[in-house]
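Here, each number is a calculation from the coordinates, and none is a lab measurement. Quantities reported herein were computed from a predicted structural model and do not represent experimental measurements. Ideal geometry is used to build each Cβ from the backbone, glycine not excepted, and the neighbour counts take in all protein chains shown.
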Amino acid sequence: MNGLLNWILWSPIVGLIALLVIPKGNDNAIRWTALVSTAFTFILTLVLYAKFDQSIPGMQPDFLVKMPWIEQFHIFYSLGIDGISLPMTILNGLLFFLCVPASWTVEKNIKGYFALILMLQSTVFGVFFSLDFFLFYVYWEVMLIPMFFLIGVWGGENREYAAVKFFLYTFFGSIVMLVGIIALYYATGKGVDSFNILAMHGGKFSDLQVNIFGHDFSFEKLFFWAMFLGFAIKVPVFPFHTWLPHAHVQAPTAVSVILAGVLLKMGTYGFLRFSFPIFPAASVEYSGIIGTLGLISVIYGALCAMAQDDIKKLIAYSSVSHMGFVMMGLSAMTTTGMNGAVLQMFNHGTSTAMMFLLIGVLYERSHHRWIVRPDGSKGFGGLYTQMPKYSIIFIIGMFASMGLPGLSGFISEALIFLGIYAKFTTMTVLALIGLLLGAAYLLWAFKRMFFGEVAESVKEYDDMNLREVAYMLPLCAAVIVFGIFPAPILNIMKASVGQLVDLLAKY
C-alpha cells in the first residue's frame, strides 16, 4: 500500500491536467471531470481509512513514502499518515467532492475555476502528509496561490481587498515560520535528518541557547513562538483573525466551505504535528497563554457574530469562536481534551460546511445575504413556509454548530470541557459564556430569517432542488451519525493523541 498516499496526493493533479486538455466551452465535460476526480480521490481516502491500523500510535509503516529530492541539503519527498492526519485527510476528500456539485452554477471561466479547486485540494493533502519540513513548507506556501485567485477572481465586490489581505496575513506568518525552519536546520547540524519532522520530535532542543543581537535566548522558547505565529494566523486566533471575515464574505460559496472546513484546521494541525512534539517544554510552559487566547477567541468571536446583519459574516465569526474551543482543548494537554480538540476540528469542518453551503443556496435565489438590510428593512422573512426542505437542513446544521446533544458539535465540545476543567477551571466556566452566546446568535438569526411575515422577495424563491439536496445529505448524515456514535473518529486518533500526551506529560 506504499503508493496509496501518492495516489491521493496526485489524483487531483491528474484531474487538473485532464481539465486543461478539454476544449474551451465544453463546460459540462469540465464539471463532470472535476466531479469524477474529486469522487475518486474521496474513495481513496476511504480505502486509506479501511486499511488504517488503529493500534499504531505513530506513522503507519505500510503507507510511508520516502525518496531523495534535493540530496545536497538532505531534502526528501517524504509522506506519512497517522491518527491525527487521517481525519483531516478524509474531511479534505469529502468537502472537495461536495464543493464540485455546489459549484455547478459557476459560469465565469469554468475551466480556470475547477483547475484551481483541484490544485488547492492537492496542496492541502500535501500539508497533511508531509514528513519533510521543506516539503511541508512548499505545500503550505503553494496553497496560497489557488486561494488567492479563487477569492480575487470569483469573489464578491471587494474580492481584491479580501484576497490581498488573506495573502499578506498568511504570507507574513509563513515568513516567520520559515525562520524557525531554517533555525531548526542549523540546530540539527545540517545532517541527514535536518528537515526530518519526526526526527525533531521529543524535546531535543530544550537546553539549546541561541545568540541574537548579543543576547542569549532559549532556542526552544523563541522558535516555539515563531511556529506559533505562523499557525495562529491560519487558525485564526485572536488577534490575528481580521482577515477571515473579509475572505469568507467575498469568497465564492465552495471556497468559503474549503476555507472554514479544511484550511483553518491546517493551523491547529500545525500545533499537533510541529509545535507541541518539537518544543514540548515550551508548549507546556505556555499552555495557559494558548488557552487564554482560545478563550478570548470563543467569546470575542461569538460577540462579533451576534452583531452581524450579514448571515455569511455571522457564520465566519462563529468559526473564530469554534476554533477557539479547539485551542482550549489543545491547551489542556490531556488525552480527553486533545481528543476533543481533534474531534472538534473534524466536526466543525462538517457543520460549518453545511452552513456555508446553505448560505450559498440562498444567495443564488436572493443575490444578497442580509438578515436586515443596511436601510433597516428585512432581508429575509418567512423562509420556513416557502422553503421547507431548506429549513429542515438549515435547522440540522444550526443545531450541530450550536452543540446540541445528539449532534456532532456536542460531543467534541463536551470532551474539551472535560479535558480542560481540572487544569483551567476558571477558563472552563468562562468558556460556557461562548456556548450561550453561540445559541443566542444562531437562534436569533433563525428567528429573523425563517419566522414572521413572508418577505415579498421570498415568495419567489424555489425550494432546494435535487442536486442541492444531494450534496447536503452526506453532511447531514455526518453531523447526526458522529453526534450519536463518534467512536469511528475517536478510535482513529486515540493512539496518536495518546502518544503526544505522554510526551507532553514528561514536561
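A few remarks follow.
- Taking the Cα centre of region 227-337 as origin and assigning +1 to Lys and Arg Cβ atoms and -1 to Asp and Glu Cβ atoms, the resulting dipole is close to 200 debye.
- Between 0 and 90°, nearest 10: helix 133-142 axis offset from the chain longest Cα axis: 20 degrees
- With Cα atoms, 0 to 90° folded angle of helix 144-154 axis to the chain main axis: 10 degrees
- Given (1) 69, 59, 45; (2) 77, 54, 36; (3) 68, 51, 45, the label whose value is Cα extents along the principal axes in Å derived from this model: (1)
- Net charge dipole, the chain: roughly 320 debye, given to the nearest 20, about the Cα centre with Cβ charges of +1 for Lys and Arg and -1 for Asp and Glu.
- Karplus-derived 3J(HN,Hα), 6.51/-1.76/1.60, for each residue of region 301-306, Hz, glycine and proline x: x, 5, 5, 5, 4, 5
- In the chain, the longest principal axis of the Cα atoms and the axis of helix 388-402 are about 30 degrees apart.
- Separation between Cα centres of region 117-145 and region 1-56, rounded to whole Å: 16 Å
- Residue order, fewest to most beta carbons within 10 Å, for Val21, Val65, Val124: Val21, Val65, Val124
- Least to most buried among Ile311, Ile151 (fewest other Cβ within 10 Å first): Ile311, Ile151
- The Cα atoms of region 286-507 give a gyration tensor whose axes a ≥ b ≥ c have a/c of 1.5 or more with a/b greater than b/c, which makes the shape prolate.
- Helical runs assigned H by DSSP (4 residues or longer) give the chain a calculated mean residue ellipticity at 222 nm of -22500 deg cm²/dmol, each run adding -39500 (n - 2.57) before division by the residue total.
- Ranking of Cys304, Cys476 by count of other Cβ atoms within 10 Å, fewest first: Cys476, Cys304
- Spatial separation of Cα centroids for region 179-245 and region 490-507, in angstrom: 21 Å
- Multiplying the residue separation of Ala422 and Ala39 by 0.36 nm and subtracting their alpha-carbon distance yields 133.5 nm.
- Asp310 long-range amide H proximity, modeled H, under 5 Å: Ile371
- Net charge, Ser103 excluded, C-beta distance under 15 Å - Lys, Arg +1, Asp, Glu -1: 0
- The relative contact order of region 358-398 comes to 26 percent, based on Cα pairs under 8 Å that sit 6 or more residues apart.
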